[in-house]
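**Student:** Take this structure first; my questions come after.
The values are calculated or read from the model by the stated rules, or taken from the named source; none is laboratory data. Given the structure is predicted, the values throughout are model-derived calculations rather than measurements. When we count neighbours, we look across all protein chains shown, and the Cβ atoms used for this are built from the backbone with ideal geometry, even at glycine. Side chains included, ligands, DNA and RNA excluded: accessible areas come from the protein's heavy atoms. Shrake-Rupley method; radii C 1.70, N 1.55, O 1.52, S 1.80 Å.
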Amino acid sequence: MILAGLGLAYGWFLVQWRLALADLRNSKPREAKARLLWCEKIWPRSSEVQRMLARASRMAREPGDAEKRLQAAQKLEGGATERLQLEYLLLRVTTGDTDEPAVALGTYLANGDSESAAILETLAAAYIRDLRYGPAYSTLNRWIELEPEKATPLFWRGWVLERLNQAKSAMDDYSKALEKDPDLFNARIRVAEMLLEDKKPDEALPHLEYLQAKNSENPQVLARLGQCRYLEGKPEEARPLLEKAKISMPDDGPLLLHLAKLDVESGQAEPAIELLNRLLKRDPGDTEARFLLVNALRLAGKRTEAEAELKEYERQNQMLKEANDLLQTEARTPSIDADSVARIGKMLLELGQEPQALYWLDKALERDARCQLAHKALADHFTRKGDAARAAIHQKQVMPDTRKN
Amino acid sequence: MCRINFRSALWLLVTGLGACVFSLAGCGSKGPEAKTPPVKATDGKGKSGPVADNLPQGPLFEDVSAASGVTSSYDNGEEVKPPHLSILESLGGGLAELDFDGDGLLDLYFPGGGHFGGQNNRDILGRTGKLYRNLGDFKFEDVTEKCGLATLAGGTPWFYSHAAAAGDYDKDGWTDLLVTGWRRMALLHNESDGKGGRKFTDVTAAAGMEQGVTWATSAAWADLDGDSLPDLYVCQYVDWSFAKHPDCNYDGKTPDVCPPKNFFGLRHLVYHNLGGGKFKEVGKEAGLPDGGDRGKGLGVVAADVNGDGRPDIYVGNDTVDNYLFINRSTPGKIKLEELGVIAGVARDGNGSANGSMGVDMGDLDGSGLPSIWVTNYENELHALYRNLSRNKDASFLFQTPGSGIAAIGQKYVGWGTGFVDIDHHGYEDLVVANGHAIRFPTTTGRRQKPVLLRNTAGKFKAMTDRGGAYFTSDHLSRGLCIGDLNNDGAMDLVVANMNEPAAVLKNIACGKNGFHWAGFTLAKPDKGDVVGARLEVVAGGRSQFRFAKGGGSYASTPDRRLVVGLGARDKIDSVKVRWPDGKEEVFSGVALDKYQKLVMGTGKAE
């Protein structure tokens, strides 16, 4: 009886171990970690459990714990085995040191290592984090080739393709991801969002209803459902959904924008102006919100302010057009000089697109560490942000005649 | 936040991506009841389903084209080998509804379009348009030749034509015709044929209209300077010719018609009616913007939008800001102030200029101010701008989603259009004629179904499937006229199609539900122009407004009579007209279910 009980318990832990490995393969690190912590209780001296715990922590963005686990595994093994070295390399990539480990990881990939999928996943995530869409795209292609039945890399590639202005291909990838995993929330909500952005509420609605049936209180779903009802011409249904979602997502741009639209359409200019000003404070480059603000100000009889906002809208729109032209030119015929990409970064900074702007300015400095345009733009940007230390780093690099400009 | 703000910003979509990427893992939990929705876009079939409220039983329109005798088919010349795929071929043509012979029945005139000939087929030639006399009971007779319209002055052949604008420019009580086209326009004076009939004489040169036209599309008659003589607004499109004819494609390989962005826009034209059959083009002095990256006009409608009585002008431009000209004219001097952007009618709700084609104005909310309706290109929403003008300051709000119109989707390329109370239920519904502008569309068909939208107290729902047989098939449509062809108060439709015969659609919705109506012709004692006037009909305590308009739809002139549906109300409380000079006049003696004439200064319906 006791033996049978022990056997059952052991079997349960074995099942947890296998499920944890599956969770890791399916990019569910938190679920994996919960199971592995059970396994650690019964196998406290297993270096493999520690290695997998390190992986789960790394994937769950807990690098400190990941490193601690790797050290524990190393101690148990009496040294850094080749498997542990691989895990260290992956941790370095995850924590921001991509290029050097990528070379070593390339060797593992070339040798057809059994952990190739984990390597590709880690590299792809790092490239995406670093806004390096080209390497991210090719890494994801390899991952999809290696694991064609997996939904996650398809979703990630769709996400990258959106950033490469290939919305149709992105939608195709999201669709394929959903064929493989219909419950992939982020893919389905993104599909619905894209359809809403394209003003196709009838096509977005089934996705949102599907998600709502799974989780009726998810604020993101409620917010998008509210947008959908608005587009269907059902403001009376849209508002309660948006208001409810706003409690959990008070800064969600599309949500605030649609609440403001409802206010404007019902003649409530002042609440709309308040919402739009809040939205624009967070995202000054949101031209749709700014155009609505023009309308709200007009509605409120504030003609002079409306005209001023309209001028700002036109200025931003023009800049956006120029930035788009530069980006498209860069995509068609990539430049090799630093100034070209620095110009893009500078323009994006002015449009309030900080992460992307910093990517292009960093790229400029990669090409030419003394690029004056990039240093000047970064110095001004960090000064505006009150980050004196970082501003000073770039200010030091600005030559006197450039400073005058 | 992983959000796309709007389409033009697609290259800038990277805000907050770190957070997005690292939350990519699926977090949905399994649920047994949810059915997986389709991921791919649907083909839209059945989307316009039977959803309309309070509609009479059966189809709303009967296609009587075949028996009508109307066989006009606009020729765009695309059959030429090898194909030119010129932007000229994309515009098509409209039609005019006019009672040219004064028999009380609306006749029809269709511009003929054109074709190509000569060396390399690069001569741009015209087709003769068709004039059909209405014989009653939806029967028409081709009287083109009999009425002198087979050729222009001196036997000159027709030019490549698009639009027909009907109006009595010399106040002689007979409706004249203006036909627009590439490089030319023709002003055709309606006069006696000396045998008890009527004929049209080409008076273009004598009127001063033979020069200065680059590419004229839609046109609208309206007395802009208050002298009672109708002036003329003419849209011009783009500066295209075979000398400026680049190669274009939309899928990287298939040659197709170029988009308007490949060409410079043109300044539009304003012809000041000097009287005595003379006109002077005063567009520049009047304040019309130059072309270049503006202009590209396709649709125009004139009516008073800000409540000062004077006709203003709204223009649908293709891919660039639409115009709203507020009329600041003084007698003898036409002055138009362009306020489209600041008034909120130049762009859509996202601030993007659309590919606008057809236009109309109508009473959306009983405010007494005309809202503006614009049909746009595919992947854009048609635009409904609710009029919120106060103190004569023009101000509009983009109301398409809020009115339910966004729900029809964005798969159509809309052209001819108009407000029409299809069954006299008391609200103006909408009708749109569709058809793609390019030859090989990649996402939708070239030929498309028309769209009907039911208006219930300012909320619209698709009711296309209730339209009847014509509405279930695809067409390559352009112009559309809403008008009562048999004077029964029910508004019929005539659609000008490209390379296929025009459609005559008899309204069979009215009468089934016992609803009443009242029809009116507004007139001045001197037969002068009344565009800008506003009619208010109060019944059962509810006001409905109609507006005397010039132009409208696309390249067309619909019926100028004003019809008000009264629903089950069998009594009209009052009828009031605000004339273009701003004076209001109450009319007595108004009867139900018939047309009556309201002549300025008489106070009594005739």
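**Student:** May I ask you to list the residues in the stretch A:117-175 that are of a type outside the set (A, V, I, L, M) and not in a helix (DSSP H, G or I)?
**Tutor:** So in the stretch A:117-175, the residues of a type outside the set (A, V, I, L, M) come out as A:121-122, A:127, A:129-130, A:132-135, A:137-139, A:141-143, A:145, A:147-150, A:152-153, A:155-159, A:162-163, A:165-166, A:168-169, A:172-175.
Within the stretch A:117-175, A:D130, A:R132, A:E147, A:P148, A:E149, A:K150, A:N165, A:Q166 qualify.
**Student:** Among the residues of the stretch A:136-150, is any under 17 Å from A:A20 (Cβ atoms) and among the charged types (D, E, K, R)? So that I can check it myself, show each step before the final result.
**Tutor:** The initial filter retains those residues of the stretch A:136-150 that are under 17 Å from A:A20 (Cβ atoms), namely none.
Looking through the stretch A:136-150, none of the residues is under 17 Å from A:A20 (Cβ atoms) and among the charged types (D, E, K, R).
**Student:** I've got another one for you. Between A:A238, A:A192, which is open to solvent by less than 40 Å² (accessible area, probe 1.4 Å), within 18 Å of A:S175 (Cα to Cα), among the small types (G, A, S) and at pLDDT 95 or above? Break it down stepwise before answering.
**Tutor:** On the way: A:A238 fails: within 18 Å of A:S175 (Cα to Cα).
So the residue among A:A238, A:A192 that is open to solvent by less than 40 Å² (accessible area, probe 1.4 Å), within 18 Å of A:S175 (Cα to Cα), among the small types (G, A, S) and at pLDDT 95 or above is A:A192.
**Student:** Here's another thing I want to ask about it. How many of the residues in the stretch B:245-274 are farther than 22 Å from B:R122 by Cα and among the acidic types (D, E)?
**Tutor:** Residues that pass the stated criteria total 1.
**Student:** Then there is this: Output the number of residues of the stretch B:269-290 satisfying the condition of being open to solvent by 50 Å² or more (accessible area, probe 1.4 Å) and over 22 Å from B:I326 (Cβ atoms). I'd like the intermediate steps shown before the answer.
**Tutor:** Within the stretch B:269-290, the first condition is being open to solvent by 50 Å² or more (accessible area, probe 1.4 Å), and the residues that meet it are B:274, B:276, B:278, B:280-281, B:284-285, B:290.
With the extra rule that they be over 22 Å from B:I326 (Cβ atoms), the set shrinks to B:274, B:276, B:278.
Of the residues in the stretch B:269-290, 3 are open to solvent by 50 Å² or more (accessible area, probe 1.4 Å) and over 22 Å from B:I326 (Cβ atoms).
**Student:** I've got another one for you. Scanning for something assigned to a strand (DSSP E or B) and more than 26 Å from B:L55 (Cβ to Cβ), does the stretch B:458-476 turn up at least one residue?
**Tutor:** First pass over the stretch B:458-476, keeping only residues assigned to a strand (DSSP E or B): B:459-462, B:475.
Checking the rest, the ones that are also more than 26 Å from B:L55 (Cβ to Cβ) come to none.
No, the stretch B:458-476 contains no residue that is assigned to a strand (DSSP E or B) and more than 26 Å from B:L55 (Cβ to Cβ).
**Student:** Can you name every residue in the stretch A:252-300 that is farther than 24 Å from A:D198 by Cβ, in contact (Cβ under 8 Å) with a residue 24 or more places away in the chain and not in a helix (DSSP H, G or I)?
**Tutor:** Within the stretch A:252-300, A:S266, A:G267, A:P284, A:A300 qualify.
**Student:** Given the options A:S27, A:S57, name the one that is closer than 16 Å to A:E121 by Cβ, in a loop (DSSP other than H, G, I, E, B), open to solvent by less than 20 Å² (accessible area, probe 1.4 Å) and in contact with a helix residue (DSSP H, G or I) (Cβ under 9 Å, 6 or more places away or on another chain). Let's see the steps before the verdict.
**Tutor:** Details: A:S57 fails: in a loop (DSSP other than H, G, I, E, B).
After applying the criteria, what remains is A:S27.
**Student:** Now a separate question. Looking at A:E288, A:E312, A:E330, which is the one that is facing chain B (nearest Cβ under 7 Å) and not β-branched (V, I, T)?
**Tutor:** Working: A:E312 fails: facing chain B (nearest Cβ under 7 Å); A:E330 fails: facing chain B (nearest Cβ under 7 Å).
From the options A:E288, A:E312, A:E330, the qualifying one is A:E288.
**Student:** Can you tell me how many residues in the stretch B:65-91 are more than 30 Å from B:A243 (Cα to Cα) and either buried (at least 19 other Cβ atoms within 10 Å of the Cβ) or of a type in the set (S, T, Y) (or both)? Lay out the reasoning, then the answer.
**Tutor:** The first filter runs over the stretch B:65-91 and keeps only residues more than 30 Å from B:A243 (Cα to Cα), leaving B:65-72.
Pick out the ones that are also either buried (at least 19 other Cβ atoms within 10 Å of the Cβ) or of a type in the set (S, T, Y) (or both) and you get B:65, B:68, B:70-72.
Here the count works out to 5.
**Student:** Let me ask another. Hey, among the residues in the stretch A:5-24 that are open to solvent by less than 30 Å² (accessible area, probe 1.4 Å) and hydrophobic (A, V, I, L, M, F, W, C), which one's nearest to the other protein chains (Cβ to nearest Cβ)? Outline the logic, then answer.
**Tutor:** Residues of the stretch A:5-24 open to solvent by less than 30 Å² (accessible area, probe 1.4 Å): A:11, A:16, A:20, A:22-24.
Add one more test, that the residue is hydrophobic (A, V, I, L, M, F, W, C), and what stays is A:20, A:22, A:24.
On the way: A:A20: 15, A:A22: 13, A:L24: 11 Å.
Of everything passing the filter in the stretch A:5-24, A:L24 is nearest to the other protein chains (Cβ to nearest Cβ).
**Student:** Select from the stretch B:329-341 the residues that are in contact with a helix residue (DSSP H, G or I) (Cβ under 9 Å, 6 or more places away or on another chain) and open to solvent by 20 Å² or more (accessible area, probe 1.4 Å) and write down the one among them that is nearest to B:H382 (Cα to Cα). Break it down stepwise before answering.
**Tutor:** Pass one, the stretch B:329-341, residues in contact with a helix residue (DSSP H, G or I) (Cβ under 9 Å, 6 or more places away or on another chain): B:329, B:333-336, B:341.
Subset that is open to solvent by 20 Å² or more (accessible area, probe 1.4 Å): B:333, B:335, B:341.
Numbers: B:K333: 35, B:K335: 29, B:V341: 17 Å.
It comes out as B:V341.
**Student:** Can you find, within the stretch B:381-390, the residue that is farthest from A:E197 (Cα to Cα) among those that are at the interface with another protein chain (Cβ under 9 Å from one of its Cβ atoms) and among the aliphatic types (A, V, I, L, M)?
**Tutor:** Here is the first cut: in the stretch B:381-390, the ones at the interface with another protein chain (Cβ under 9 Å from one of its Cβ atoms) are B:381, B:386, B:388, B:390.
Imposing the further condition that a residue be among the aliphatic types (A, V, I, L, M) reduces the set to B:381, B:388.
Values: B:L381: 12, B:L388: 27 Å.
So, considering only residues that are at the interface with another protein chain (Cβ under 9 Å from one of its Cβ atoms) and among the aliphatic types (A, V, I, L, M), the one farthest from A:E197 (Cα to Cα) is B:L388.
So that you can scan it fast, the table gives a plain yes or no per residue for (1) over 25 Å from B:Y554 (Cα atoms); (2) open to solvent by less than 60 Å² (accessible area, probe 1.4 Å); (3) touching a helix residue (DSSP H, G or I) at 6+ places or on another chain (Cβ under 7 Å); (4) modelled with pLDDT of 95 or more:
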| position | (1), (2), (3), (4) |
| --- | --- |
| B:L106 | no, yes, no, yes |
| B:G117 | yes, yes, no, yes |
| B:L131 | no, yes, no, yes |
| B:F138 | no, yes, yes, yes |
| B:L152 | no, yes, no, yes |
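**Student:** Yes or no: B:K261 farther than 27 Å from B:G416 by Cα and either under 24 Å from the mean Cα position of the chain (by Cα) or open to solvent by 50 Å² or more (accessible area, probe 1.4 Å) (or both)? I'd like the intermediate steps shown before the answer.
**Tutor:** Values: farther than 27 Å from B:G416 by Cα: no; either under 24 Å from the mean Cα position of the chain (by Cα) or open to solvent by 50 Å² or more (accessible area, probe 1.4 Å) (or both): yes.
So B:K261 does not fit the description; no.
**Student:** Any residue in the stretch B:366-380 that's more than 14 Å from chain A (Cβ to nearest Cβ) and of a type in the set (V, I, T): show its pairings with residues that are in a loop (DSSP other than H, G, I, E, B) and surrounded by 24 or more Cβ atoms within 10 Å (Cβ to Cβ) at Cβ separation under 7 Å, as long as the two are six or more apart or on different chains.
**Tutor:** B:I372/B:V345; B:V374/B:N322; B:V374/B:H382; B:T375/B:H382
Residues are listed down the side, and each one gets a yes or a no for (1) among the β-branched types (V, I, T); (2) modelled with pLDDT of 95 or more:
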| site | (1), (2) |
| --- | --- |
| B:E338 | no, yes |
| B:P370 | no, yes |
| B:N379 | no, no |
| B:W415 | no, yes |
| B:I422 | yes, yes |
| B:P450 | no, yes |
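**Student:** Let me ask something else about it. Taking the stretch A:328-357 as the search range and keeping residues that are over 18 Å from A:Y133 (Cα atoms) and modelled with pLDDT under 90, which one is surrounded by the fewest Cβ atoms within 10 Å (Cβ to Cβ)?
**Tutor:** A:G352
**Student:** Specify the residue that is nearest to the chain's Cα centre (by Cα); the eligible residues are those in the stretch A:165-189 that are open to solvent by less than 10 Å² (accessible area, probe 1.4 Å) and at the interface with another protein chain (Cβ under 7 Å from one of its Cβ atoms). Before the answer, list the steps.
**Tutor:** Narrowing the stretch A:165-189 to residues open to solvent by less than 10 Å² (accessible area, probe 1.4 Å): A:170, A:173-175, A:177-178, A:184, A:187-189.
Now restrict to residues that are at the interface with another protein chain (Cβ under 7 Å from one of its Cβ atoms): A:175, A:178, A:184.
Numbers: A:S175: 19, A:L178: 19, A:L184: 16 Å.
Checking each candidate, the answer is A:L184.
Yes or no, residue by residue, for (1) more than 9 Å from chain B (Cβ to nearest Cβ); (2) among the polar types (S, T, N, Q):
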site	(1), (2)
A:E217	yes, no
A:C228	yes, no
A:E232	no, no
A:E236	yes, no
A:L255	yes, no
A:K261	no, no
A:S266	no, yes
A:E274	yes, no
A:L299	no, no
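**Student:** Any idea which of (1) within 26 Å of the chain's Cα centre (by Cα); (2) farther than 30 Å from B:F61 by Cα is the one B:T151 doesn't satisfy?
**Tutor:** (1)
**Student:** If you scan the stretch B:572-606, which residues turn out to be within 21 Å of B:D421 (Cβ to Cβ) and either of a type in the set (A, V, I, L, M, F, W, C) or modelled with pLDDT under 95 (or both)? Give the steps one after another, and end with the answer.
**Tutor:** Here is the first cut: in the stretch B:572-606, the ones within 21 Å of B:D421 (Cβ to Cβ) are B:572-578, B:587, B:590-598, B:605.
Passing the criteria: B:I572, B:V575, B:V577, B:F587, B:V590, B:A591, B:L592, B:L598, B:A605.
**Student:** Let me ask something additional. What single numbered condition from (1) modelled with pLDDT of 95 or more; (2) open to solvent by 10 Å² or more (accessible area, probe 1.4 Å); (3) over 17 Å from B:G316 (Cβ atoms) fails to hold for B:L266?
**Tutor:** Going through the list (1) modelled with pLDDT of 95 or more; (2) open to solvent by 10 Å² or more (accessible area, probe 1.4 Å); (3) over 17 Å from B:G316 (Cβ atoms), B:L266 breaks only (3).
**Student:** Another question, if that's okay. Enumerate the pairs (first residue in the stretch A:25-51 and aliphatic (A, V, I, L, M); second residue anywhere and outside any helix (DSSP H, G or I)) with beta-carbon separation below 8 Å, excluding pairs fewer than 6 apart on the same chain, so at least 6 apart or on different chains.
**Tutor:** These pairs meet every condition: A:V49/A:W43.
**Student:** Run B:A219 past the list (1) open to solvent by less than 10 Å² (accessible area, probe 1.4 Å); (2) over 27 Å from B:N327 (Cβ atoms); (3) among the aliphatic types (A, V, I, L, M) and report the number of the one that doesn't hold.
**Tutor:** So B:A219 meets the others, but not (2).
**Student:** Kindly provide the set of residues from the stretch B:391-432 that are open to solvent by 10 Å² or more (accessible area, probe 1.4 Å), at negative phi and facing chain A (nearest Cβ under 8 Å), ordered by number.
**Tutor:** Residues satisfying the conditions are B:D393, B:S395, B:F398, B:Q399, B:A407, B:Q410.
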